[in-house]
1. Between a residue in the range 98-114 that is of a type in the set (Lys, Arg) and any residue that is modelled with pLDDT under 80 and part of a helix (DSSP H, G or I), which pairs come within a Cβ distance under 8 Å, given they are 6 or more apart or on different chains?
2. Residue check: is residue 287 closer than 30 Å to residue 44 by Cα, among the hydrophobic types (A, V, I, L, M, F, W, C) and surrounded by fewer than 14 Cβ atoms within 10 Å (Cβ to Cβ)?
3. Scan 231, 235, 224 and give me the residue that is of a type outside the set (A, V, I, L, M) and closer than 30 Å to residue 87 by Cα.
4. Scanning for something part of a strand (DSSP E or B) and touching a helix residue (DSSP H, G or I) at 6+ places or on another chain (Cβ under 6 Å), does the range 267-274 turn up at least one residue?
5. Name, by its number, the condition in (1) among the small types (Gly, Ala, Ser); (2) closer than 16 Å to residue 360 by Cβ; (3) buried (at least 16 other Cβ atoms within 10 Å of the Cβ) that does not hold for residue 278.
6. With a cut-off of at least 1 residues that are among the aliphatic types (A, V, I, L, M), modelled with pLDDT of 85 or more and under 30 Å from residue 359 (Cα atoms), name the strands (runs of 3 or more DSSP E) lying wholly within the range 1-118.
7. What pairs can you find where one residue is in the range 282-302 and within 14 Å of residue 338 (Cα to Cα) and outside the structural domain of residue 17 (by TED's automatic domain parsing), the other is aliphatic (A, V, I, L, M) and surrounded by fewer than 16 Cβ atoms within 10 Å (Cβ to Cβ), and their Cβ atoms are less than 7 Å apart, with a gap of 6+ or different chains?
Amino acid sequence: MAAAIVLWLFFGHYTQRVHVTGLLVPRAGLISLTANTLGVIDHVGVAEGDRVASGQVLVSLSGEHTSKALGNTAASVSAQLQRQAGRLRQDIGDTQQLQDKQAEDNRTQQSALKEQLVQIDAQIAIEKKQMQLVQELVDKWSGLVAGGYIPALQVEQEQSALLADESQLRSLQQQRASTQQQLSVLNDQLTQLPLAVSAKLNDLRRQLAQVEQTLAQNEAARASELRAPASGTVSTLLVKPGASVALGQPLLAIVPDGSALQAQILVPSQAVGFVHPGIQVTLHYQAFPYQKFGLHHGVVSSVSRSALTPGEVTLLLGGGNPPSSDPLYLARVDLADQNVEAYGRKEPLRPGMALDADMLLDRRRIVEWIFEPLYGMGHRWSSGA
């Protein structure tokens with residue numbers, strides 16, 4: 001008998017089992033929706049178990065705040081921003097109209113100056129021709145004066161007329177230069193006007209874009225809607241109308257359609273050191289009691305490197321209380337079968353089904369389990385030495 005016990009101690013083995021809880025989720029994971037602003041739940045349009053379509057409004061939030069002086073502050077800010085945007089749009093329209101009018105006025109002046117140049121050039125040509133004729137006459141009469149055929153006074157009168165014509169020509173040339181300068185300035189204005197107006201319009205449009213962006217952000221904070229990013233089923237709903245929520249607070253979770261299921265189980269920190277991919281897991285689905293429908297199996301595919309936050313645990317459990325106050329890690333388990341044999345039929349497993357699981361962890365000989373405290377003491381003594 002003693003020999004049998006000794007043999008059993010040295011050759012018998014015991015495998016440590018850890019009992020954990022979890023639930024079935026899509027392999028792609030739950031779609032978790034969180035509050036996109038600080039505020040109050042204004043409306044909840046779904047309940048747990050409801051089917052939702054992509055883009056469907058699920059929850060409406062109000063970020064409106066009130067003060068004694070201004071009342072609804074977000075509404076007051078929105079009204080002020082809308083007025084500012086209206087003034088900027090009016091400025092943009094006025095600037096464009098002013099550009100059109102100024103350009104039209106400049107083109108009218110440009111045409112008038114060009115016509116004036118044509119007239120001046122014609123007068124200059126006439127004046128030059130007149131001077132040429134007078135000069136020829138003076139030259140011709142100068143020889144006749146010496147012979148006494150023409151009085152000198154008559155030649156002097158023509159010379160005086162020639163000097164007057166020269167003065168008139170210089171005046172016309174100065175007038176032409178002044179008109180040409182005015183035309184050049186006007187041409188420069190016509191060239192620069194679109195550039196200056198474009199710069200001003202760009203600045204006004206930039207201001208308008210900033211105001212509209214601020215208005216959109218204020219409106220989003222004032223009232224926002226959470227929509228379903230994909231079709232699926234609401235698995236967890238954590239809020240009700242009237243509840244205050246913080247930015248980033250989990251509100252609900254959706255199980256997307258068409259995704260294979262896997263088990264997500266919560267492993268306590270005391271056991272997570274022995275949990276790794278490949279560990280065999282025995283599953284008990286609460287909807288299908290194992291006493292009647294048998295046990296089911298799976299294999300650990302991954303283990304989280306860090307503990308879950310309380311909010312993540314609550315969301316994973318569908319709003320339920322954590323099974324332990326100790327830190328919990330998330331392990332994902334691939335299922336051997338997506339169905340359960342029940343009454344001769346294969347019943348498909350559904351997202352959100354709760355489950356219990358047993359994991360086979362550390363396998364040792366029985367004598368090692370018995371003397372484990374002594375091994376630990378020896379290790380501490382050797383470390384201290």
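1. Going by the 8 Å Cβ cut-off, the qualifying pairs are 107/190.
2. Values: closer than 30 Å to residue 44 by Cα: yes; among the hydrophobic types (A, V, I, L, M, F, W, C): yes; surrounded by fewer than 14 Cβ atoms within 10 Å (Cβ to Cβ): no.
In short, no.
3. Among 231, 235, 224, only 224 is of a type outside the set (A, V, I, L, M) and closer than 30 Å to residue 87 by Cα.
4. Within the range 267-274 (the criterion being part of a strand (DSSP E or B) and touching a helix residue (DSSP H, G or I) at 6+ places or on another chain (Cβ under 6 Å)), the answer is no, since none of the residues qualifies.
5. Unmet condition: (3).
6. Filter on the range 1-118 gives 13-26, 31-34.
7. Close Cβ pairs satisfying both conditions: none exist.
Residue-by-condition table, conditions (1) buried (at least 16 other Cβ atoms within 10 Å of the Cβ); (2) under 17 Å from the mean Cα position of the chain (by Cα):
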| residue | (1), (2) |
| --- | --- |
| 176 | yes, no |
| 185 | no, no |
| 192 | no, no |
| 196 | no, no |
| 210 | no, yes |
| 213 | no, yes |
| 218 | yes, yes |
| 226 | yes, yes |
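The values are calculated or read from the model by the stated rules, or taken from the named source; none is laboratory data. None of these values were measured; they are calculated from a predicted model. Cβ atoms come from the backbone with ideal geometry, glycine included; neighbour counts cover every protein chain shown.
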